[in-house]
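Data first, discussion second: the structure below is written as structure tokens.
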Amino acid sequence: MNANIVSDDMKKNALDEIDLKIIAILQAHGRTSNVALAKQVGISPPPCLRRLRALEKAGYVTGYHAEVDMARLGFGVTVFAMVGLHSQAEADLQAFEALVRDWPEVRECHMLNGDIDFILKCVAKDLSSFQSFLTSKLTPAPNVANVRTSLTIRQSKKIAGVPL
């Protein structure tokens, strides 16, 4: 594929093998330099950088983040909170999502289908800190009907991104 037409192909959601390799490498090693990335995918650095910028512009690559050791930073507790709401009207769902966005303890929020409306991945320094978050923010939040929590014992797998 000619690097000059990557943007047109991306508009059609057509990624070629090189685009997928770029994404896969960046998922595993986000700090890879353009020169190293180009070498790994088998093209020269200028078209590689053009492809990367096109992937970013098209929304396939949405950001770069450092993976940190939560425990070393003092966050020893991870809890999943299953939240049920009184109302599932779209306005109420959006209001809850907006509220959750402002809570730093909540690292992920997913709306679910079924008995649970949302599952939240929360982190805290310790159980006491999580208890404080639970009783002062989450449980008394508008429209919250119930909250069930599960404390993680250990993490046995964590892989960023998607399998390519």
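The values are calculated or read from the model by the stated rules, or taken from the named source; none is laboratory data. None of these values were measured; they are calculated from a predicted model. Cβ atoms come from the backbone with ideal geometry, glycine included; neighbour counts cover every protein chain shown. Quick note on the areas: whole protein, heavy atoms, side chains included, nothing else; ligands and nucleic acids left out. Shrake-Rupley method; radii C 1.70, N 1.55, O 1.52, S 1.80 Å.
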So, with points 7 Å from each Cα along the Cβ direction, the Thr139-Ala98 label distance in nm works out to 2.6 nm
Please get the size of the charge dipole for the chain, origin at its Cα centre, with Cβ charges of +1 on Lys and Arg and -1 on Asp and Glu, quoted in debye to the nearest 20.
640 debye
Return the inverse of the average 1/r over all pairs of distinct C-alpha atoms in the range 23-164, which is the Kirkwood hydrodynamic radius, in Å to one decimal.
17.9 Å
In nanometres, what is the gap between the two model label sites at Arg148 and Asp115, each 7 Å from Cα along Cα-to-Cβ?
0.4 nm
So, with a 1.4 angstrom probe, what is the percent of accessible area on the chain that is carbon and sulfur?
53 percent
With every protein chain left in place, what is the accessible area per residue of the chain in square angstrom, probe 1.4 Å?
67 Å²
